[in-house]
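Quick notes on the structure that follows.
Just so you know, all these numbers are worked out from the coordinates, no wet-lab data involved. In this text the structure is predicted, and so the values were computed from the model without any measurement. Glycine gets a Cβ as well: all are built from the backbone with ideal geometry, and neighbour counts include every protein chain shown.
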Amino acid sequence: MIALLQRVKKASVKTNGAKISSIQQGLLVFVAFSPNDSNQQLNRMAERVLTYRVFADSKDKMNKSLLDKNFELLVVPQFTLAADTRSGTRPSFSNAAQSEISEKLFLKFTDILKSKSPNIKSGKFKANMQVSLINDGPVTFWLEVN
C-alpha cells in the first residue's frame, strides 16, 4: 500500500464540475493498493497517516500530527501511484490491485480513518476527479506499508 501525503492549507475534489469534498488545513492523501494488501496494511497505514508528524510545534519543528492539531484529511484514490516506472516510457500497472479489489480496500481504508477521526473526507473511486490544493511548505511524503 502506498500513500502520498501533502500538507495543505486547503484542498478540494470535483467530479463532473461539482465539488464533492473539501477540507481546510490538513493533509491531502493519495492512496494506491497492491494485490496483497489486507486489513493489516490498511490499519497500519491509517495509523501512520493520522499520526505522522508533519505539522509545526511551538518551536516550528515538524513534531505534531493531524490528530494532534485536529486538522482535516482528504483521501483520494490514485491507482497510478502503484505504477512501475523503472524502465521504458510507458508505466506498467502490474503492481496495482485490480479495480474491484482496490475499491473495497479504499472504502475499508476510509472507514478505518473515519473511526479514528471525524475530520475525514474522500474523493470518489473510479471517477475522473479534478483535485485542487494549496500546498503548505510544500511538504510531501511518500509512505509505504507491506
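The packing ranking of peptides 104-111, 84-91, highest mean first, is 104-111, 84-91, where packing means the average number of other beta carbon atoms within 10 angstrom of each residue. Assuming a viscosity of 0.890 mPa s and a temperature of 25 °C, what translational diffusion coefficient in µm² per second does Stokes-Einstein assign to the chain, Rh being the Kirkwood radius over Cα pairs? D, rounded to a whole number, is 158 µm²/s. Stretching ASN43 away from SER22 to a fully extended chain increases their span by 5.2 nm, per 0.36 nm per residue minus the current alpha-carbon distance. Considering only SER117, SER92, SER12, the Gaussian network model of the chain with Cα springs below 10 Å gives its largest mean-square fluctuation to SER92. Among the listed pairs LYS61/LYS124; LYS14/LYS59; LYS61/LYS126; LYS64/LYS121, those whose Cα-Cα separation exceeds 27 Å are LYS61/LYS124; LYS14/LYS59; LYS61/LYS126. Note on the chain: with a GNM built from Cα contacts shorter than 10 Å, the maximum mean-square fluctuation among ASN36, ASN16, ASN135 falls on ASN16. For region 20-142, the relative contact order comes to 32 percent (Cα pairs under 8 Å, sequence separation of at least 6). If R0 equals 22 Å, the separation of the Cβ atoms of PHE141 and ASP57 corresponds to a calculated FRET efficiency of about 0.80.
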